[in-house]
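Here is the structure we will look at, set down as structure tokens.
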Amino acid sequence: MTQVRRTLISLITASLVFSGMAQAAPTALISTEQAAAALQPAARSEAHARLQAALDRADLAAMLQARGVSTDEMRARVDALTDAEAQQMLQQVDQAPAGGDVVGVLFTIFIILLVTDILGLTKVFPFTRSVR
């Protein structure tokens, strides 16, 4: 009887293995960043801390509110960034011009004054002649 039982168990085991029922659950690889974030969720990079500190500024919060974005939503988005994405965003912020394009503003003012001189509304430049 034990021989029959052993044979029957072997057949059932072989049929399960070959039918795919005894396969292990599929596993996906995770990155080192994801594993580290799962182990230490409270520890964030310096880039995340700087971005969160920027959201504390009142002028930035007012600009976000004017565009219909809450600061809580932005904080959640910053938290969702990976360390590499947060570092890349900080580099873009650091490379952005601080006061905007001054040359463009001066050129625009020059063109406006030139057109008003030609139309005869002002007399700023001596080299223009009025159409009037």
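The values are calculated or read from the model by the stated rules, or taken from the named source; none is laboratory data. Predicted model, so just to flag it, every value in this text is computed and none were measured. Positions of Cβ are generated from backbone atoms using ideal geometry, with glycine treated the same way; all protein chains shown enter the neighbour counts.
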- Message: Which pairs turn up if I take residues in region 113-132 that are in contact (Cβ under 8 Å) with a residue 60 or more places away in the chain and look for partners that are exposed (fewer than 11 other Cβ atoms within 10 Å of the Cβ) and part of a loop (DSSP other than H, G, I, E, B) with beta carbon separation below 9 Å, at least 6 apart in sequence or on another chain?
- Response: none
- Query: Among 117, 79, 83, which is modelled with pLDDT of 80 or more and not assigned by TED's automatic domain parsing to the domain that holds residue 52?
  - Reply: 117
- Task: Can you confirm whether region 26-36 contains a residue that is assigned to a helix (DSSP H, G or I), at pLDDT below 85, of a type in the set (Asp, Glu) and loosely packed, with under 10 Cβ neighbours inside 10 Å?
- Result: no
- Query: Considering 95, 52, which residue is under 30 Å from residue 34 (Cα atoms), of a type outside the set (Lys, Arg) and without any contact (Cβ under 8 Å) to a residue 24 or more places away in the chain?
  - Reply: 95
